[in-house]
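What follows is a set of notes on a single structure, which appears directly below.
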């Protein structure tokens, strides 16, 4: 953990944070429509976990997917253009916020049916094994997906066939507006759900990017050398509403609770660590803020200036011709 | 070579698995049991457990696994023990397999075949007797193949396995033991091409899968009364070869559509609409549909018979379109 290393983790989390703050502004200006699910508060999980894998490893996510896509290295301009529904977007404007895909980076997509992409993750892992490649799969989902039947079917097949897939459960404690205490029996240890299928599991502080990465490095190494599934419960909190139509705290959680959780901000935590260790200064953070601000401003400009898709492409990409 | 529909499917998969090692078979009982209907007889012995995968009874789980494997470049064949059980995999089929190409703006593709029997057999009850092809046909991104003969089953399954899109390939339990001539050696049949199975000039009957055999029998009976029916087998429901159907209708001026599925919003309604749009001026009578009744399939034999099209109903429909001229 040297200076450059920690500052680069911080920079990526900051990029996701500022990117999404600007996305929210663009939503308010009606530049972005539909559903926009923000990852703000949960950045340490995507950044820490994806920092532990190789470029050719697969990542697949749910609908709150901007963070995973950016952490996998996608161009912020093309991501923003996708949110704007522009022809230059990652998916040519056909996917939108919840369905980002960047095949060049093996970012295999965001999926918006809760629990439905866990079987896909087992398939990616199956393919890696079948093709005798040593790729691993990171599959991100919220704790709301844990009780779904498809998740358990995926856990069982992954364990049965020893597939190299790491299920990363982002436990932000709310499935939309339903707290985990009202949605999941035996909610206090989600990792136990995976252990019931014979999957090794760990719980980690999802607000601590270094802790996430450290755990993931060990797990990824284990899964790559001795193929088997793994389950990580990363404890986190969603600082914003479920989507843009949901205010930051809503009717289902108190303002006090949200304020208290915001004190555990993963960016603030890492910044404190860096400062305490004397590995960075105010000037460093100011510089990063400047740099990231420019990247995000460029992304917005690129999205703004890009054309909408032409009506003629409507029927393209339904089938492979 | 005279072989059964079952053996035709077996040959198609075997040839394609020998030809392309990305192809694998996955489903309930496809390995050591050799398939619930013995379609994969000898497969686990030839290809091994790595390419012939017995699964637990989790249709969503293993269909989704196959979709993911296809996204990563493999060519899975999913065997559904029956399409009734495939309902459990509808999320994977409709929300993932059919849409991933489009949602990704053409970056990803899902070369996948999902096959197994649809429609009623004999007294299997309401949950094992459904003709669900209309459900799949409604979804953009899927292709739907419904072969009736061993020759078509083999040639179309080989094309399906080579196709880069997700394909729903619906067989029928009552067809597995039927026999027919199949060409020697390598051949494929293009997806989306209908075939005129019987020439005639008085009336066009469109029928597919098991109902094709019924239509051909009814046509023979009608021939003894001097009525020559032309029987068109679409073979593929989506994309539909409307041109061949319309050409036949232009010749006969009359159309009967036979399907086993439920009447309301069934395939025949779509085919009739397409024909009305393309060939209204050539029709000498209203199109008549012969369909399954809009009820869950009853168990009792006389009730089940009443719910499924039979030869008498096909003959009556033909006479209806002839007499209304």
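Coordinate-derived values only; no laboratory data. Just so you know, these numbers come straight off a predicted model, no measurement behind them. Note that we place each Cβ from the backbone using ideal geometry, even for glycine, and neighbour counts take in every protein chain shown.
Going by a ≥ b ≥ c, the root eigenvalues of the Cα gyration tensor, does region A:1-127 fall in the rounded group (a/c under 1.5), the prolate group (a/b larger than b/c) or the oblate group? List each step's numbers first, then the result.
On the way: a/c = 1.72, a/b = 1.09, b/c = 1.58.
Because a/c hits 1.5 or more and a/b fails to exceed b/c, region A:1-127 counts as oblate.
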Q. Between residue A:294 and residue A:254, what FRET efficiency follows from the Cβ-Cβ distance if R0 is 56 Å, with the result rounded to 0.05?
A. 0.90
Q) How far is helix B:5-19 tilted, in degrees, relative to the longest principal axis of the Cα atoms in chain B, given as a value from 0 to 90 rounded to the nearest 10? A) 40
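Determine the shielding of peptide B:51-62 by partner chains: average, over its residues, the number of Cβ atoms on other chains within 10 angstrom of each Cβ. Present the calculation step by step, with values, prior to reporting the outcome.
Numbers: counts 1, 0, 3, 0, 5, 4, 1, 8, 1, 11, 15, 7.
Per-residue shielding by partner chains comes out at 5.
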Q: Alpha carbons only, please: Rg and Dmax for chain B, in angstrom.
A: 19.5, 60
Q) Could you give the nm distance between label points at residue B:250 and residue B:299, where each point is 7 Å from its Cα heading toward the beta carbon? A) 5.2
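Based on the mean of other Cβ atoms within 10 Å per residue, sort peptides B:122-131, A:18-27 so the most packed one is first.
Values: B:122-131: 17.1, A:18-27: 19.0.
Packing order, densest peptide first, comes out as A:18-27, B:122-131.
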(Q) Taking each residue in A:125-133, count the Cβ atoms of any other chain within 10 Å of its Cβ, then average. What number comes out? (A) 5
Q | Residue-averaged 222 nm ellipticity for chain A, from DSSP H runs of 4+ at -39500 (n - 2.57), nearest 500 | A | -14000 deg cm²/dmol
Q) Mind checking the angle between helix B:150-162 and chain B's longest principal axis? C-alpha axes, 0 to 90 degrees, to the nearest 10. A) 50
Q) In percent, how large is the relative contact order of region A:138-271, given Cα pairs closer than 8 Å and 6 or more residues apart? A) 28
Q: For chain B, find the longest principal axis of its Cα atoms and tell me its angle to the long axis of helix B:59-71, 0 to 90°, nearest 10.
A: 80
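Evaluate the relative contact order of region B:124-254 (contact order divided by residue number), counting alpha-carbon pairs under 8 angstrom at least 6 apart; express in whole percent. Kindly include the intermediate steps, with their values, before the conclusion.
Working: 223 pairs, mean separation 37.4, N = 131.
Once divided by the residue count of region B:124-254, the mean separation gives 29 percent.
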Q. Does region A:62-101 come out rounded, prolate or oblate by the C-alpha gyration tensor, with a ≥ b ≥ c the root eigenvalues, rounded set by a/c under 1.5 and, if not, prolate when a/b is larger than b/c and oblate if not?
A. oblate
Q. Modelled label-to-label distance, residue A:181 and residue B:281, 7 Å Cα→beta-carbon offset: nm?
A. 7.4
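By counting other Cβ atoms within 10 Å of each Cβ, how are A:275, A:80 ranked from fewest to most? Walk me through the intermediate numbers first.
Numbers: A:275 14, A:80 29.
Result, fewest neighbours first: A:275, A:80.
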Q) So which residue, out of B:15, B:46, B:184, gets the largest mean-square fluctuation from a GNM of chain B using Cα contacts under 10 Å as springs? A) B:184
Q | Label zone at residue A:134, where the point sits 7 Å out along the Cα-to-Cβ direction: region A:223-248 residues whose backbone N lies under 15 Å | A | A:223-228
Q: For region B:195-256 and region A:267-319, write down the distance between their C-alpha centroids in whole Å.
A: 61
Q. When chain A is modelled as a GNM with alpha-carbon springs shorter than 10 Å, which of A:171, A:156, A:221 fluctuates the most?
A. A:221
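Over all directions, average the projected area of the Cα convex hull of region B:238-284 and note it in nm². Kindly include the intermediate steps, with their values, before the conclusion.
Numbers: hull surface 13.4 nm².
Hull-based average projected area comes out at 3.3 nm².
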**Q.** Peptide-level mean, for B:66-78, of C-beta atoms on other protein chains within 10 Å
**A.** 6
Q.
Students often get this wrong: which residues of region A:131-163 have the backbone nitrogen under 14 Å from the point 7 angstrom along Cα-to-C-beta of residue A:224?
A. A:133-138
Q: Please report Rg over Rh for the protein assembly as shown, where both radii come from the alpha carbon positions and Rh follows the Kirkwood definition.
A: 1.05
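Can you order the peptides A:306-313, B:56-63 by their average number of other Cβ atoms within 10 Å per residue, highest first?
On the way: A:306-313: 11.8, B:56-63: 23.2.
My ranking of the peptides, most packed first, is B:56-63, A:306-313.
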(Q) Highest mean first, how do A:55-61, B:176-182, B:99-105 rank when packing is the count of other Cβ atoms within 10 Å averaged over residues? (A) B:99-105, A:55-61, B:176-182
Q: Could you check which residue among A:210, A:258, A:165 shows the biggest mean-square fluctuation in a GNM of chain A with a 10 Å Cα cutoff?
A: A:258
Q | Estimated distance in nm for a label pair at residue A:24 and residue B:228, the labels positioned 7 Å out from Cα along Cα-to-Cβ | A | 7.6
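Can you work out the FRET efficiency for the pair residue B:177 and residue A:320, with r the C-beta to C-beta distance and R0 = 30 Å, to the nearest 0.05?
Numbers: r = 35 Å, r/R0 = 1.17.
Efficiency computed from Cβ-Cβ geometry: 0.30.
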Q. What number, in percent, do you get for the relative contact order of region B:191-325 if the mean sequence gap of Cα pairs under 8 Å and at least 6 apart is divided by its residue count?
A. 27
**Q.** For region B:267-325 versus region B:18-41, the gap between their alpha-carbon centres in whole angstrom
**A.** 36
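State the extension gain, in nm to one decimal, for the chain segment bounded by residue B:313 and residue B:19, taking 0.36 nm per residue of separation less the distance between their alpha-carbons.
Working: separation 294, 0.36 × 294 = 105.84 nm, distance 4.46 nm.
Contour length minus Cα-Cα distance gives 101.4 nm.
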